[in-house]
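Working notes, beginning with the structure itself.
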Amino acid sequence: MKILGIETSADDTGVALLQAEGTLGTDFSFRILGNALSSQTAIHTTYGGIFPAIAKREHTKALPLMLEECLKQAGEKHADAIAVTVGPGLEPCLWTGITCAQKLASEWRVPVIAANHMEGHTIISMVGGNVQFPALALLISGGHTELILMKEFMRYEYLGRTRDDAAGEAFDKTARLIGLPYPGGPEISRLAADARVTSQEPRIKFTSPMLRSDNFDFSFSGLKTDVRRFVEKNSPLSDEIKKEIALAVENAITDVLVAKTLRAAEERGAQTVVVGGGVSANAYIRSELSSKLQAIGCELLLPPPALSTDNAVMIALAGYFHAIKKDFVDPAILKADGNLRLA
Ligand code: KG4
Ligand code: ZN
């Protein structure tokens with residue numbers, strides 16, 4: 001089956017065409033025929049975050065170009081099915097993708113799948129390995145921080161989530177407080193990596209919120225407050241101190257993500273931990289999860305680094321697994337749902 005994926009939920013405009021066959025766990029295989037992605041990062045950097053009206057305008061401009069580019073790469077004129085992200089995300093942005101999918105579906109006379117962005121982040125990590133169920137998913141992005149139990153493929157049960165800011169948001173907001181551009185995750189991570197090389201013992205420590213709480217929820221807004229207070233007391237900040245702050249922020253976020261993931265895996269008997277979402281690009285989080293999960297005999301599945309942040313390959317993949325179950329929707333009733341859940 002050739003399946004087209006369309007992603008416009010935040011600040012990346014993506015279109016991908018996949019050729020996929022088989023069932024996960026037995027004979028599944030796929031090939032990326034085309035993958036076009038346009039990022040608005042440079043535009044939003046000046047605002048320190050995503051500005052929805054501007055994001056929508058940029059999607060509207062970029063989407064036809066990405067579609068053309070993707071089909072050209074693939075050497076195809078159409079697909080057998082179309083998967084479009086309908087949520088979660090910014091509704092004005094989601095509508096751009098939906099309108100495009102509706103138009104293509106009627107031109108090509110092919111079925112449409114309403115894809116969940118977070119399912120895309122989950123499945124892109126699962127296709128690269130051998131998943132044993134029950135499996136645990138840790139989803140960490142700019143808008144979400146969730147621990148989800150999967151008793152079987154594509155069946156989700158929420159164990160915990162963030163009560164305020166998402167992990168990616170914590171990176172973005174603390175980065176902004178120390179004068180780093182949006183998106184803050186890669187910036188904090190770069191500075192923290194420098195500090196890891198030079199300093200033996202971290203000189204600054206921020207508390208990992210809810211580290212010891214007896215549930216699987218997260219909270220990151222307190223970290224932002226701690227960083228703000230520290231910055232107010234210690235300004236102007238030298239480059240060295242910025243690195244120390246970045247290190248302390250990365251450590252605080254990592255400690256709580258790793259501790260809760262480990263405990264959830266143990267308590268729920270998960271053999272496999274699947275990590276997805278833009279924050280899973282973070283090298284330190286990857287290495288900490290990897291060593292700690294290995295120690296308890298749990299397999300860790302991560303997305304390929306280039307497909308960790310938003311892209312349309314993951315949407316086409318998630319769409320494929322719905323398409324083989326004939327889980328299609330009438331394009332006319334497609335609707336953006338900013339808070340779409342997995343269960
Ligand atoms: O999944 P994603 O691309 O978009 C959403 O669905 O939100 O995730 C974007 C988030 C941003 O908050 C960004 O700062 C974070 O992922 N991120 C990182 C890294 N790369 C991206 N956070 C930490 N370390 C990174 N290397
Ligand atoms: Zn995402």
task = Answer yes or no: is there a residue in the range 294-308 that is open to solvent by 10 Å² or more (accessible area, probe 1.4 Å), in contact (Cβ under 8 Å) with a residue 40 or more places away in the chain, within 28 Å of Ser39 (Cβ to Cβ) and among the acidic types (Asp, Glu).
result = no
ask   = Pick from the range 100-151 the residues that are under 26 Å from Ile253 (Cβ atoms), β-branched (Val, Ile, Thr) and outside any helix (DSSP H, G or I): which of them is nearest to ligand 2 (Cβ to nearest atom)?
value = Ile140
ask   = From Arg203, Arg163, Arg190, Arg196, which residue is over 19 Å from Ala10 (Cβ atoms), within 11 Å of ligand 1 (Cβ to nearest atom) and either over 17 Å from the mean Cα position of the chain (by Cα) or among the aromatic types (Phe, Trp, Tyr) (or both)?
value = Arg190
message = Can you tell me how many residues within the range 68-81 are open to solvent by 20 Å² or more (accessible area, probe 1.4 Å) and touching a helix residue (DSSP H, G or I) at 6+ places or on another chain (Cβ under 7 Å)?
response = 2
note = Scanning the range 205-223 residue by residue, those among the aliphatic types (A, V, I, L, M) and modelled with pLDDT under 95 turn out to be Met210, Leu211
request  = Kindly indicate the residue of the range 260-280 that is touching a residue at least 12 places away in the same chain (Cβ under 8 Å) and open to solvent by 40 Å² or more (accessible area, probe 1.4 Å) and also farthest from ligand 2 (Cβ to nearest atom) among those meeting that condition.
outcome  = Glu266
ask   = Restricting attention to the range 218-237, which residues are in a loop (DSSP other than H, G, I, E, B) and either touching a Phe, Trp or Tyr at 6+ places or on another chain (Cβ under 7 Å) or open to solvent by 30 Å² or more (accessible area, probe 1.4 Å) (or both)?
value = Ser235, Pro236, Leu237
task = Could you please give the count of residues in the range 281-293 that are among the hydrophobic types (A, V, I, L, M, F, W, C) and either open to solvent by 10 Å² or more (accessible area, probe 1.4 Å) or in a loop (DSSP other than H, G, I, E, B) (or both)?
result = 2
query = Is it the case that some residue within the range 238-254 is without any contact (Cβ under 8 Å) to a residue 24 or more places away in the chain, outside any helix (DSSP H, G or I) and of a type outside the set (A, V, I, L, M, F, W, C)?
reply = yes
inquiry  = Is it the case, given these coordinates, that Leu94 is more than 19 Å from Leu33 (Cα to Cα), away from ligand 2 (no atom under 16 Å from the Cβ), open to solvent by less than 10 Å² (accessible area, probe 1.4 Å) and in contact (Cβ under 8 Å) with a residue 60 or more places away in the chain?
reply    = no
message = I'd like the residue in the range 304-340 that is part of a loop (DSSP other than H, G, I, E, B) and small (Gly, Ala, Ser) and, out of all such residues, is farthest from ligand 1 (Cβ to nearest atom).
response = Ala336
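The values are calculated or read from the model by the stated rules, or taken from the named source; none is laboratory data. Bear in mind that the values here come from a model prediction, so they are computed numbers and not experimental data. We place every Cβ from the backbone using ideal geometry, glycine too, and count neighbours over all the protein chains shown. The accessibility values were calculated without ligands, DNA or RNA, using every heavy atom of the protein model including side chains. Shrake-Rupley method; radii C 1.70, N 1.55, O 1.52, S 1.80 Å.
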